[in-house]
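Undergrad: Structure incoming, see below.
The values are calculated or read from the model by the stated rules, or taken from the named source; none is laboratory data. None of these values were measured; they are calculated from a predicted model. In this analysis, Cβ positions are derived from the backbone assuming ideal geometry, glycine residues included, and neighbour counts consider all displayed protein chains. With ligands, DNA and RNA removed, areas are computed over all heavy atoms of the protein, side chains included. Shrake-Rupley method; radii C 1.70, N 1.55, O 1.52, S 1.80 Å.
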Amino acid sequence: MALDLPLVNPYLDKSADFSGGVNFAVAGATALDRTYLLQNAIIMPPGNTPLSSQLDWFKSHLNDTCQQDCAKKLGGALFLVGEIGGNDYNYAFFQKRSVEAVKAYVPLVVKSIMDVAKEVIELGATQIIIPGNFPIGCSPSYLALFSAAGSTDHDERGCLKSYNAFAAYHNEQLQAAIGDLRKVNADISVVYADYYGAFLHLLDHAAVLGFDEGSLLKACCGAGGEHNFDMDMMCGGIGASTCADPARHVSWDGIHLTQQAYRAMALSILMEGFAQPAQSVQGIWSC
């Protein structure tokens, strides 16, 4: 909306107008394929659509819409590759895997993201944004599930240090891979969107941004408890209720943010330096 672009319609809505872009994202999607995760005893909801399938949809969309002038269209388009990988980690952590055990998946998740970035570049993309992971230790779901009485794992914001350190580790690996991608694609604009930093900036400036400081680590929609999150009674289910003013909350359901929080993050990424390199972001903005 800040760039005065239309909202991007989902690919599976075949009656939609895709002249302003197309969205291949799927709720609960993973960067790694289902087979690999199941081989490692990581259970996920049925019908999971991994990143590789979304890439296949993208190729099908190109075949259907631009046989002759694809390179020209893609050269003027903006690609958002992610944020993805968070669900790979969520499924593992929610099944009680340790931080050290889940770290083993990070190189594979990063490789999956970069493989897709490389492929869209080969197809003609020239402007790509690759976001990092959120500070998951500030998520009401993680706080509700993994906070232990008397623990020293909480930082000054009330977030779980160990899980935020894991997210930072993922982001470090991702940024290193993006650096390597830029070296071999000097004519391509590859922007890293710092969701981690933008989210912490939101928490640190919550009052100025209009959020309720007493509810920063509490879901708007949930079934009670310190963080208003219960894995057995999640938002939308029996026993859950919604807060009076979602726009004053950062977290919607303990996992996803509210629209107002996403808006604040988007503006930070576009205008406050939470995307690198900054000159590339300004170039996109000026368009």
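Undergrad: With the dipole of the chain worked out from charges on the C-beta (+1 for Lys and Arg, -1 for Asp and Glu) around the Cα centre, which of P107, G210, I238 lies farthest toward the positive end?
TA: About the Cα centre, the residue reaching furthest to the positive side is P107.
Undergrad: Something else now. Given a 1.4 Å probe and heavy atoms of the protein chains only, how would you sort L181, L267, L209, largest accessible area at the top? Provide the component values of the computation, followed by the final result.
TA: Values: L181 5, L267 55, L209 75 Å².
Of L181, L267, L209, the descending order of accessible area is L209, L267, L181.
Undergrad: Any idea what the dipole of the range 83-194 comes to, in debye rounded to 20, about its Cα centre with Lys/Arg Cβ at +1 and Asp/Glu Cβ at -1? Don't skip to the end; give the middle numbers.
TA: Values: 9 positive and 13 negative charges, 49 e Å.
Here the range 83-194 has a charge dipole of around 240 debye.
Undergrad: In deg cm²/dmol and to the nearest 500, what is the mean residue ellipticity at 222 nm of the chain if only DSSP H runs of at least 4 residues count, each as -39500 (n - 2.57), divided by the residue total? Each step should come with its number before you reach the end.
TA: Details: 11 runs with 121 residues, N = 287.
Helix contribution divided over all residues of the chain: -13000 deg cm²/dmol.
Undergrad: Next question. Reported to two decimal places, what Rg/Rh ratio describes the range 59-132 when computed on Cα atoms with Rh from the Kirkwood expression? Don't skip to the end; give the middle numbers.
TA: Numbers: Rg = 16.0 Å, Rh = 14.2 Å.
Reported Rg/Rh (Cα atoms, Kirkwood Rh): 1.13.
Undergrad: May I ask which residue of A186, G82, P6 lies farthest towards the positive end of the charge dipole of the chain, with charges of +1 (Lys, Arg) and -1 (Asp, Glu) on Cβ and the Cα centre as origin?
TA: Selected residue: A186.
Undergrad: Would you mind telling me the share, in percent, of accessible area of the range 12-86 contributed by carbon and sulfur at probe 1.4 angstrom? Each step should come with its number before you reach the end.
TA: Values: 2210 of 4200 Å².
Exposed carbon and sulfur together represent 53 percent of the surface.
Undergrad: Same structure again: Given the C-alpha centroids of the range 98-132 and the range 1-73, what is the distance between them in whole angstrom?
TA: The range 98-132 and the range 1-73 have Cα centres spaced 15 Å from each other.
Undergrad: For the chain, what is the accessible area per residue in Å², given a 1.4 Å probe and the full set of protein chains?
TA: On the way: 14390 Å² over 287 residues.
Ligands and nucleic acids excluded, the figure is 50 Å² per residue.
Undergrad: For Y169 and I238, compute 0.36 nm times the residue count separating them, minus their Cα-Cα distance, and round to one decimal in nm. Before the final figure, lay out each step's value.
TA: Details: separation 69, 0.36 × 69 = 24.84 nm, distance 3.68 nm.
The Y169-I238 span can extend by a further 21.2 nm.
Undergrad: State, as an integer percentage, the relative contact order of the range 107-180 based on alpha-carbon contacts under 8 Å between residues 6 or more apart.
TA: With pairs under 8 Å counted, the relative contact order is 39 percent.
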